[in-house]
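Accompanying notes for the structure given below.
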Amino acid sequence: MTETAGLATPADISAPAAAQRRILRVLVASQVLSGAGLAAGVAVGALLAQDMLGSTSLAGLPSALFTAGSALAAVGVGRISQARGRRPGLAAGYLTGAIGSAGVIVAAVADHPVLLFFFLFVYGAGTATNLQARYAGADLATPDHRGRAVSTVLVATTLGGVIGPNLASPTGTFAETVGIPNLAGPFLLSGAAYALAALVLTIWLRPDPLLLARAHAAHAAKAAAGTGPTSPQQPAEKAPGGVLLGALVMVLTQLVMVAIMTMTPVHMHDHGHSTAASGLVIGIHIGAMYLPSPLTGWLVDRYGRMKIAAASGATLLAAGVLAASAPSESVALLALALALLGLGWNFGLVSGTAIITDTVPLATRAKTQGLVDVSIAIAGATGGMASGLVVAAASYPVLALAGGVLALAVLPAIVATAYRR
């Protein structure tokens, strides 16, 4: 058996279903850890920058930086995965995120904003890697089960994603006891979680899903002399503009979600709410981003990618309207708005990922997926940076409503693609 099969056995190559189940279990474990690492930093990044800079207008900069960093990391993870497989690509991404977390702590202790911004950029590698893991779940899935495979990986982030923000207060208290600023405390959790996620993947993600998918495709083609049954690289849909549509759906949902999410803790803080309250709202939001994934995956496989992509735009509009109209003292309504924001993002990510995976062949899959995620990361960086400026110039309700309306731009693209088909 060759190394390119990712240390797979002959049984794995000829019948990859059992290997897929093992791979999904390992990905689930790593996603639980990385979800905690991602969410803990997101919950306090804007507050840490605001505290160090004394300015709300730049509070969106941390989100912009770590999403910009995720753009660069998406390219790196995609290229490593294309050349060597998912295992080294994902592990390298998480290790980089752990290094960024440690650097943020050093910058906070030194009270050095420039150093903070640099390491927030590095920290973004964890965000990119967390998202790229969904592609690993789909590598061996058949077209009619891709939505569910993607959703299985995404839902695993829920546990860590909900726990992470709610540990912001206790980790901040612990940090103070060892001489670290309170708001840098959650990055202790982020660093440990990302490092453990890298370790889990390095040890147990065997066989490598992408390399095994390639080996299985070659085996099936050879056995069937080019006329055999459908293999994982054969797309279910080959709609014109599939890559462009899938990317657009995920770009818009990411931009709107990051913009509103980033400024919600700042909005709550400015109206007298505690760090624990904002952590709870962000925890609910992140839970809604990932917890509905099994249902979303089933809906995508059952009713089609286009319908669920359209539903993402409508759901994000509802989230923006509710966030804009919610009284500033109402934690419950803000939590509901952020839950809808997370659900709309989930609809867009699962449907967009399925569209991309359907369209791109195995030979260029990881590289193309990495480039698509660059666009997603840039959209997130734009949303994070613009969010602080919009709130400073206008208000949080204006930001929320504008984001909801922008999300509807996905509908004309879906209609145009459906018309071309």
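Numbers for the structure displayed
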item: Globularity index of segment 85-160, i.e. its alpha-carbon radius of gyration over 2.2 N^0.38 Å; result: 1.38
item: Contact order normalised by residue count of the chain, Cα under 8 Å, 6+ apart, percent; result: 27 percent
item: Positive-end residue of VAL281, ASN346, SER330, charge dipole of segment 16-420 with Cβ unit charges; result: ASN346
item: Equivalent ellipsoid semi-axes - Cα gyration tensor, segment 16-420, angstrom; result: 34, 24, 16
item: Stretchable slack from LEU411 to LEU53, in nm (0.36 nm times residue separation minus alpha-carbon distance); result: 124.9 nm
item: Segment 347-421: C-alpha gyration tensor shape, a/c 1.5 cut-off, then a/b vs b/c; result: oblate
item: The chain, dipole about Cα centre (Lys/Arg Cβ +1, Asp/Glu Cβ -1), debye to the nearest 20; result: 1460 debye
item: Listed residues TYR290, ILE414, LEU154: farthest to the positive end of the dipole of the chain (Cβ charges); result: ILE414
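No lab work stands behind these numbers, since they all come straight from the coordinates. Keep in mind that what you see is a predicted model, and the values were worked out from it rather than measured. We place every Cβ from the backbone using ideal geometry, glycine too, and count neighbours over all the protein chains shown.
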